[in-house]
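First comes the structure, then the notes that go with it.
The values are calculated or read from the model by the stated rules, or taken from the named source; none is laboratory data. Remember, predicted model here, so these are calculated numbers, not experimental data. Positions of Cβ are backbone-derived with ideal geometry, glycine not excepted, and every protein chain shown enters the neighbour counts.
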């Protein structure tokens with residue numbers, strides 16, 4: 001018997017969120033059904049990650065980028081060219097008060113230089129210190145006014161500053177970060193909308209984990225969020241999901257142990273790419289609307305996979 005696909009109909013719809021400005025702008029979200037099960041052409045955007053402090057990155061990235069690693073703008077331009085990514089994430093890791101404690105002014109200058117160097121939308125991440133990120137991302141939002149960047153990410157301790165500055169004062173998009181928990185994700189979305197941020201200006205960072213390292217919690221959380229947004233028409237969970245798998249994928253033993261430490265495992269670079277692609281692929285089929293990876297080959301592979309699924 002020939003296969004006949006039965007498409008499940010839902011009452012809800014995921015919001016469309018546009019990031020970037022002008023010809024560089026892209027839209028994510030807008031689907032009315034679960035990933036790749038409908039006729040609407042669900043497509044995940046693929047981003048490439050860079051950092052202003054990549055000293056702890058695997059040696060393979062030194063081979064790929066050379067001296068560009070020392071210049072975030074050149075690094076960003078090369079990353080986009082080598083990967084064909086739809087957008088770029090710049091991690092302002094040097095701002096960490098427990099690390100280099102780079103000044104807000106210096107980090108803002110880096111963000112501005114990166115945005116000017118590339119022709120794709122930009123996502124700006126802080127240093128994961130809530131207090132410093134509030135100041136940093138507010139300043140970034142002001143400096144890049146009307147560039148429609150994503151501030152990645154607001155948490156419960158700083159969402160008021162980032163939400164007010166990012167989306168309301170300077171017209172940016174805000175990513176709401178929760179720790180693999182549907183209730184926390186919903187709560188933060190509600191808090192941002194109550195603050196005055198439009199739901200179309202919010203994306204969700206619901207958390208990640210490398211495949212094989214508690215990823216089942218990520219998968220189940222994404223499933224529950226998407227089913228609530230589509231099946232229950234829960235407007236507080238209808239924001240697009242953006243997932244950065246780069247840090248988790250390149251920090252587990254499979255992509256950290258050197259070839260001298262584990263010669264039987266083969267190439268460290270190949271292992272890292274494999275871990276990143278596996279994790280990213282799982283997030284894509286789980287409903288992530290934008291996925292972020294570190295290695296250019298990972299980006300190319302995921303883009304090819306998505307194109308194949310769309311047909």
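Suppose we filter 205, 157, 201, 133 for residues that are modelled with pLDDT of 95 or more and under 24 Å from residue 277 (Cα atoms); which single one remains?
None of the other options fit; the residue is 205.
Being outside any helix (DSSP H, G or I) and surrounded by fewer than 18 Cβ atoms within 10 Å (Cβ to Cβ) is the filter here; which residues of the stretch 154-169 pass it?
156, 157
For the stretch 128-153, name all the residues that are in a helix (DSSP H, G or I) and touching a helix residue (DSSP H, G or I) at 6+ places or on another chain (Cβ under 8 Å).
The answer is 132, 133, 134, 135, 136, 137, 138, 139, 140, 141, 142, 143.
If residue 45 satisfies every condition in (1) touching a helix residue (DSSP H, G or I) at 6+ places or on another chain (Cβ under 8 Å); (2) within 16 Å of residue 294 (Cα to Cα); (3) in contact (Cβ under 8 Å) with a residue 60 or more places away in the chain but one, which is the exception?
(1)
Quick one: in the stretch 112-137, which of the residues that are crowded, with 23+ Cβ neighbours inside 10 Å and more than 14 Å from residue 89 (Cβ to Cβ) is nearest to the chain's Cα centre (by Cα)?
133
Where in the stretch 170-280 are there helices (runs of 4 or more DSSP H), lying wholly inside it, with at least 3 residues that are farther than 30 Å from residue 21 by Cβ and out of contact with any helix residue (DSSP H, G or I) (no Cβ under 8 Å at 6 or more places or on another chain)?
Once the helices (runs of 4 or more DSSP H) in the stretch 170-280 are filtered for at least 3 residues that are farther than 30 Å from residue 21 by Cβ and out of contact with any helix residue (DSSP H, G or I) (no Cβ under 8 Å at 6 or more places or on another chain), what remains is 182-195, 215-231.
Please go through the stretch 275-294 and give me each residue that is more than 23 Å from residue 203 (Cβ to Cβ) and surrounded by 21 or more Cβ atoms within 10 Å (Cβ to Cβ), ordered by number.
275, the sole residue that qualifies.
Just checking, does the stretch 182-191 include any residue being at positive phi and buried (at least 19 other Cβ atoms within 10 Å of the Cβ)?
No: zero hits.
Is it true that some residue in the stretch 302-310 is out of contact with any strand residue (DSSP E or B) (no Cβ under 7 Å at 6 or more places or on another chain) and under 16 Å from residue 210 (Cβ atoms)?
Scanning the stretch 302-310, I find no residue that is out of contact with any strand residue (DSSP E or B) (no Cβ under 7 Å at 6 or more places or on another chain) and under 16 Å from residue 210 (Cβ atoms), so the answer is no.
Can you tell me which residues in the stretch 285-299 are under 14 Å from residue 43 (Cβ atoms) and either at pLDDT below 95 or in a strand (DSSP E or B) (or both)?
Passing the criteria: 285, 287, 290, 291.
Would you please list the contacts, defined by Cβ atoms under 8 Å and residues six or more apart or on different chains, that run from a residue in the stretch 1-23 that is more than 21 Å from residue 198 (Cα to Cα) to a residue that is modelled with pLDDT under 80 and in a loop (DSSP other than H, G, I, E, B)?
What qualifies is 7/38; 7/39.
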